[in-house]
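Colleague: I'd like to ask you about the structure that follows.
The values are calculated or read from the model by the stated rules, or taken from the named source; none is laboratory data. Keep in mind that this is a model prediction, so the values were computed, not measured. Please note: Cβ atoms are built from the backbone with ideal geometry, for glycine as well, and neighbour counts cover all protein chains shown. What goes into the accessible areas is simple: the full protein's heavy atoms, side chains included, and nothing from ligands, DNA or RNA. Shrake-Rupley method; radii C 1.70, N 1.55, O 1.52, S 1.80 Å.
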Amino acid sequence: MKQLLIYLLVLLVLPCCKHNEEAEETEPAEGATPVTVTTVSHEPMQEFITLNATSAYLQKWPVKANATGYLQAGNLQLNQYVNIGQQLYTIQTKEAKSIGNAINVLDSTFRFTGINHIKANGAGFISQLDHQGGDYVQDGEQLALITDTRSFVFLLDMPYELRPYILNKTSLQMELPDGEVLAGMISGNMPAMDIGSQTQHIILKVKSTHQLPENLIAKVKLVKTSKAMANSLPKAAILSDETQAEFWVMKMTDSATAAKVIIEKGIETNDMVEILSPVFSANDKILLTGNYGLSDTAKVKIVQ
């Protein structure tokens, strides 16, 4: 009878012990680090190289004096549009100013004025005024500068080693400082390299609904690598050593433990990183926050 009572008591105690063991396995220990988790994504990815392109006018027409004398200017103003052949200045030589009409008084058929006319040799807007009416100027001295609006382009500063990334391309995406995106059509390149920066100017023509100023810097994106489908994780899930020679993630091995897993990175974007190896499944849980500074097998608590 006594043995029967002991046997019944053991049967009652065993389920309680088993329940306590399961609870210890599933419930995190006291002081576990609160974390959030994510899973691997399968999506297209592209890696870009960002370069600067500066707006410029390739064609500018200098207006120069054709004689030495006193300048007589019209009502010219900065940013005024002028047509080719339009009269801009007149110059009266100092000899004509000194003699005046004395020669015409002596001989009316001579018709001497001593005044030379200066006309625009190109169409565009006046971007620079160097002299005003009444100035004494020398022959060949620059009086103004006319900028041809049709010659507006962006000059992309491209290091020569990046040349393969634009071969066989006809257009590039450009982003202005205000967020506006334009398509830049490649129309050629300058035949010389900048000796200091070792960059070559690539000429990009743009179509804009409004006038853009000169010396405006735009960002140009070149596609370096592209994949139709890649396994990726958010950048916050990727950890590294001080020298960034080794990279790893913290992967959940059970409901309360995270282990360190060494990874090999691929394409990187602003917020995502391609994982080349190992291959994670869609069910693998990777720590997203709270992962910094954790040991190899750390006790964690998943929070929403």
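Colleague: Since D241 meets every condition but one in (1) open to solvent by 40 Å² or more (accessible area, probe 1.4 Å); (2) among the acidic types (D, E); (3) within 18 Å of V37 (Cβ to Cβ), which condition does it not meet?
Modeller: Unmet for D241, out of (1) open to solvent by 40 Å² or more (accessible area, probe 1.4 Å); (2) among the acidic types (D, E); (3) within 18 Å of V37 (Cβ to Cβ): (3).
Colleague: Hey, could you check region 51-103 for residues that are of a type in the set (S, T, Y) and at pLDDT 90 or above and say which is least open to solvent (accessible area, probe 1.4 Å)? Before the answer, list the steps.
Modeller: At the first step, the residues of region 51-103 found to be of a type in the set (S, T, Y) are 54-55, 57, 68, 70, 81, 89-90, 93, 98.
Okay, now just the ones that are also at pLDDT 90 or above, so 54-55, 57, 81.
Details: T54: 40, S55: 1, Y57: 25, Y81: 125 Å².
Ranking the candidates gives S55 first.
Colleague: If you check every pair at least six apart or on different chains, which have Cβ atoms under 7 Å apart with a residue in region 199-210 that is under 16 Å from G188 (Cα atoms) first and a residue that is surrounded by 10 or more Cβ atoms within 10 Å (Cβ to Cβ) and among the charged types (D, E, K, R) second?
Modeller: Once the first residue is under 16 Å from G188 (Cα atoms) and sits in region 199-210, its partners that are surrounded by 10 or more Cβ atoms within 10 Å (Cβ to Cβ) and among the charged types (D, E, K, R) give T199/D157; H201/D157.
Colleague: Any chance region 148-171 includes a residue that's open to solvent by less than 70 Å² (accessible area, probe 1.4 Å), at pLDDT below 90 and part of a strand (DSSP E or B)?
Modeller: There is at least one residue in region 148-171 that is open to solvent by less than 70 Å² (accessible area, probe 1.4 Å), at pLDDT below 90 and part of a strand (DSSP E or B).
Colleague: Within region 254-280, track down each residue that is part of a strand (DSSP E or B) and β-branched (V, I, T). Even if it seems obvious, please write down each step before you answer.
Modeller: Step one: of region 254-280, the residues part of a strand (DSSP E or B) are 257-268, 272-277.
Answer for region 254-280, where residues must be part of a strand (DSSP E or B) and β-branched (V, I, T): T257, V261, I262, I263, I267, V273, I275.
Colleague: Follow-up question, since we're still on this one. Inside region 258-280, can you point out the residues that are under 16 Å from T38 (Cα atoms), at pLDDT 90 or above and open to solvent by 70 Å² or more (accessible area, probe 1.4 Å)?
Modeller: K260, V279
Let's see how each residue does on (1) acidic (D, E); (2) farther than 21 Å from Q46 by Cα; (3) in contact (Cβ under 8 Å) with a residue 12 or more places away in the chain:
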site: V249; (1), (2), (3): no, yes, yes
site: S255; (1), (2), (3): no, yes, yes
site: I263; (1), (2), (3): no, no, yes
site: E274; (1), (2), (3): yes, no, yes
site: V300; (1), (2), (3): no, yes, yes
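Colleague: What are the residues in region 281-296 that are touching a Lys or Arg at 6+ places or on another chain (Cβ under 8 Å), open to solvent by 70 Å² or more (accessible area, probe 1.4 Å) and either touching a residue at least 60 places away in the same chain (Cβ under 8 Å) or outside any loop (DSSP other than H, G, I, E, B) (or both), if any?
Modeller: Within region 281-296, just K285 meets the criteria.
Colleague: In addition: Within region 2-19, does at least one residue satisfy the condition of being farther than 30 Å from S255 by Cβ, at pLDDT 90 or above and open to solvent by 80 Å² or more (accessible area, probe 1.4 Å)?
Modeller: So far as region 2-19 goes, no, none of its residues is farther than 30 Å from S255 by Cβ, at pLDDT 90 or above and open to solvent by 80 Å² or more (accessible area, probe 1.4 Å).
Colleague: Sticking with this one: Under 7 Å between Cβ atoms, at least 6 apart or on separate chains: pull out the pairs that start in region 24-44 with a residue that is modelled with pLDDT of 90 or more and end on any residue that is aromatic (F, W, Y) and open to solvent by less than 60 Å² (accessible area, probe 1.4 Å).
Modeller: Once the first residue is modelled with pLDDT of 90 or more and sits in region 24-44, its partners that are aromatic (F, W, Y) and open to solvent by less than 60 Å² (accessible area, probe 1.4 Å) give V40/F280.
Colleague: I would also like to ask the following. For residues that are without any contact (Cβ under 8 Å) to a residue 60 or more places away in the chain and either assigned to a strand (DSSP E or B) or out of contact with any Phe, Trp or Tyr (no Cβ under 9 Å at 6 or more places or on another chain) (or both), tally how many sit in region 45-80. Walk me through how you get there before you give the answer.
Modeller: The first filter runs over region 45-80 and keeps only residues without any contact (Cβ under 8 Å) to a residue 60 or more places away in the chain, leaving 74-75, 77-80.
So of that shortlist, the ones also either assigned to a strand (DSSP E or B) or out of contact with any Phe, Trp or Tyr (no Cβ under 9 Å at 6 or more places or on another chain) (or both) come out as 75, 77.
Result for region 45-80: 2.
Results for (1) hydroxyl-bearing (S, T, Y); (2) within 21 Å of the chain's Cα centre (by Cα); (3) under 30 Å from L176 (Cα atoms); (4) open to solvent by 50 Å² or more (accessible area, probe 1.4 Å), shown as yes or no for each residue.
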{"site": "D194", "(1), (2), (3), (4)": "no, yes, yes, yes"}
{"site": "L222", "(1), (2), (3), (4)": "no, yes, yes, no"}
{"site": "N231", "(1), (2), (3), (4)": "no, no, no, no"}
{"site": "M252", "(1), (2), (3), (4)": "no, no, no, no"}
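Colleague: Being open to solvent by less than 80 Å² (accessible area, probe 1.4 Å) and among the hydrophobic types (A, V, I, L, M, F, W, C) is the filter here; which residues of region 206-220 pass it?
Modeller: V206, L212, L216, A218, V220
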